[in-house]
Structure formats: structure tokens, C-alpha cells
1. Can you tell me which residues in the stretch 62-88 are surrounded by fewer than 18 Cβ atoms within 10 Å (Cβ to Cβ), of a type outside the set (A, V, I, L, M, F, W, C) and in contact with a Leu (Cβ under 8 Å, 6 or more places away or on another chain)?
2. Restricted to the stretch 184-208, and to residues that are surrounded by fewer than 14 Cβ atoms within 10 Å (Cβ to Cβ) and within 21 Å of TYR157 (Cα to Cα), which residue is nearest to the chain's Cα centre (by Cα)?
3. Among the helices (runs of 4 or more DSSP H) lying completely within the stretch 1-89, list those that include at least 3 residues that are touching a residue at least 12 places away in the same chain (Cβ under 8 Å) and out of contact with any Ser or Thr (no Cβ under 9 Å at 6 or more places or on another chain).
4. Yes or no: the stretch 299-308 includes at least one residue that is open to solvent by 40 Å² or more (accessible area, probe 1.4 Å), at pLDDT 85 or above, farther than 20 Å from PHE197 by Cα and in a strand (DSSP E or B).
5. So which residues in the stretch 1-46 are among the small types (Gly, Ala, Ser) and under 17 Å from SER175 (Cα atoms)?
6. Would you confirm whether any residue within the stretch 207-220 is without any contact (Cβ under 8 Å) to a residue 12 or more places away in the chain and outside the structural domain of ARG152 (by the TED database)?
7. Give the stretch 239-264 a look and list any residue that's among the polar types (S, T, N, Q) and more than 16 Å from LEU298 (Cα to Cα), or say none.
8. With respect to ASP104, determine if the residue is touching a residue at least 24 places away in the same chain (Cβ under 8 Å), within 16 Å of the chain's Cα centre (by Cα), open to solvent by 30 Å² or more (accessible area, probe 1.4 Å) and over 20 Å from VAL277 (Cβ atoms).
Amino acid sequence: MKVIHIISHTDLDGVTAAAVAWHRYFNNGYLIKVSLTGYGDVDNLVVECLKKKENFVVLDLFCQRTQTVDMLDKEFELPSEPVFFDHHKTTEERFPKRPWAMVDTSMCAAKVYFEWLSERDFLKGKIKEDLAGLVEIANDRDLWIGKIPESRLWQAYITMCGPYSLFARLAADPSPKLARWEHEGTTQFVKMQEERFKRALEEISGADKDLMFVKPNILEFGDVSDFCGLVLDKMENPPLLVAVANRRPQGDWSVSLRSRNALAGRIVGLLKDGRKVRGGGHADAAALYFPPNYSEELIKDSLQSAIKAVKEQEQSAGPTLGDLLKGIKD
């Protein structure tokens, strides 16, 4: 009896990637287990799979602990296929050239996985056609391309119903076209979402030229990307970093970070330690997870200190060799 454990993220990219994996393994002799989770839990799930010798694939996520990566380096045997499919720059920088990981920062994780499967003819017919359209929607959303307006509605689907609900829909029907009632419901939700954005802007805590810190219980899960896009792209004088904090049911903190100058990724690199504080993501879209004993003020102070440290590093760096050579050439 074969079991495959699909471990993926909870945003549109992650859910789409999980659906692609489902259709790859469904009716192919596997019992399928699905875990949609975040950076705070991925290590435990991977270690559990390794100890149980359970088949698994991890999508749009990567381990946060060096010990877990060491276990994978030891356990992985060629010519096995990769078990991680990711697209985050932090993954590429910290753990380059792992034979068990396929990383491509030019596209979303769902597309990295879909392209890999397509090249090996694992997907065929109508399922492949539907998944191709779905993957492009996720790619448009995750890379902020903005050419597919419905990508916001698909993300709204997750915010309204949760990642597992959308996953169930895509497992049953991977069509990239929203049904009439799905389109009407998500469109109405987006209108309500705009009202929450208005309230969040009115109740911003600690807003200054560097950091906009959004308190818990204002925005809902899934609001973050659209809200931060509104702040960073449409405000007259946007902050360097937008942070949206929420306390999770288990008591720890999830803090989503967005920027437009690669600051979010650098903040994660400075603050995460792999033990108490975890995190990961893109250069401009990342997340940190703080333990329950951290207060709202302590989290905000940590972010402000990290921003200050980055600015000081930039000021002390001085001219690069490239700058000097350019000056000689000019």
C-alpha cells in the first residue's frame, strides 16, 4: 500500500500546486494525504514523513531548520525525483543545488511543479489543459503580474472558504473558469474586502515612513496581498515595509511582510533564527512566525530594529567594485 503526503502552502499558489499533485497521483495506486500549512509547521511534517518512510512532496514551502535539510541530504537517494518544488529566493540562496529540490524563482511554485510534470508526460488530456489554465491564474496572482483579473477572485475564494475548501473544489473539478455562483460570491466578497481595507487604514498602528504595522483582527486571512499592494503601489508616500500581524489558534504569531525594494526578505533573514522565530518567502513577500510569549509591541519593535539595521548596512556598504569600474570607464 502506497501513501503520498502532499504538503503545500495555504495561498492560491500553494493550493493550486496541491491540486496539481492530487491529479498527478489520483487513480495511480496511491492513497493521498494532504496538509496545507505554513513555514512554522513544514519541518515537523517532513521529519515525520522521513521517520515513517512515507512518500511525500513539498510545494511552495521549504524547511526552516538546518537539521531537517541535513536529514534530507542523508536520506535522499538518486535517481529519485525531487521532493521539493519551490520558487522562493530565500530557498535558492540558503540551500542551493539540492538534488531533491527543484527551485525556479521566475515562476510560481505551482508552475515549477506543473512544468516539471509536463516535461515528463505525467499529466495528459483535459486534466492537463484545465490545470494549465489554473496554474497561469496562480502565477499571475503570486508574481503580481496583474493580467488576469479573476486571479483576485480565486484568492478571495480561499479567504471566504479556507484553503481546504478550494482544494476540494479543484480536486473534484480543476476547471480554471469560475462557475456563475462562484463568480458572484467572490465578487461580492471583494467589495466587502475593500471596506475592511478602509478600516485597516483608519486604525493603522505605528505607521511611519519606514513601517506600517497592521494590528490583529482587522484583516482576514487572504486579505494581506491585496491590502499591501494597495498601500505600496497606490499611496502617495508609502512606507518601506507593511507588516500584518495575526495571532494563530495555537497562540503563536504570523506576521506577513510586503515591500517593494527587497526589504521583506532581508528582514526575514535578520530576524529568523530557526528555533524561536521562523520565516521565509520572496524578496518582497515574506512571513515571520513569532512564539506565543512575544507581545504585539515586541514584534513591532523587532521589525523596526531590523529595518534600522538594514538601512545602516546600506549606508556603511560604500561604493562597490562595479561602481568604481563604472567611474573609471566614464
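1. The answer is GLU75, and nothing else.
2. GLU194
3. Because the criterion is at least 3 residues that are touching a residue at least 12 places away in the same chain (Cβ under 8 Å) and out of contact with any Ser or Thr (no Cβ under 9 Å at 6 or more places or on another chain), the helices (runs of 4 or more DSSP H) in the stretch 1-89 that meet it are 12-25, 66-75.
4. Filtering the stretch 299-308 down to residues open to solvent by 40 Å² or more (accessible area, probe 1.4 Å) leaves 301, 304-305, 308.
Those still in the list that are at pLDDT 85 or above too: 301, 304-305, 308.
Checking which are farther than 20 Å from PHE197 by Cα leaves us with 301, 304-305, 308.
Next, only the ones that are in a strand (DSSP E or B) stay: none.
Within the stretch 299-308, not a single residue is open to solvent by 40 Å² or more (accessible area, probe 1.4 Å), at pLDDT 85 or above, farther than 20 Å from PHE197 by Cα and in a strand (DSSP E or B).
5. Scanning the stretch 1-46 gives GLY14, ALA17, ALA18, ALA19, ALA21.
6. Just the residues of the stretch 207-220 that are without any contact (Cβ under 8 Å) to a residue 12 or more places away in the chain, to begin with: none.
No, there is no match, as no residue in the stretch 207-220 is without any contact (Cβ under 8 Å) to a residue 12 or more places away in the chain and outside the structural domain of ARG152 (by the TED database).
7. Our first condition is that a residue be among the polar types (S, T, N, Q); within the stretch 239-264, this holds for 246, 250, 254, 256, 259, 261.
The answer is GLN250, SER259, ASN261.
8. Considered against the rule, which asks whether it is touching a residue at least 24 places away in the same chain (Cβ under 8 Å), within 16 Å of the chain's Cα centre (by Cα), open to solvent by 30 Å² or more (accessible area, probe 1.4 Å) and over 20 Å from VAL277 (Cβ atoms), ASP104 comes out as no.
The values are calculated or read from the model by the stated rules, or taken from the named source; none is laboratory data. This is a predicted model, so every value here is computed, not measured. A quick note on method: Cβ atoms are made from the backbone with ideal geometry, for glycine too, and the neighbour counts reach across all protein chains shown. Accessible surface is based on the protein model in full, side chains and every heavy atom, while ligands, DNA and RNA are left aside. Shrake-Rupley method; radii C 1.70, N 1.55, O 1.52, S 1.80 Å.
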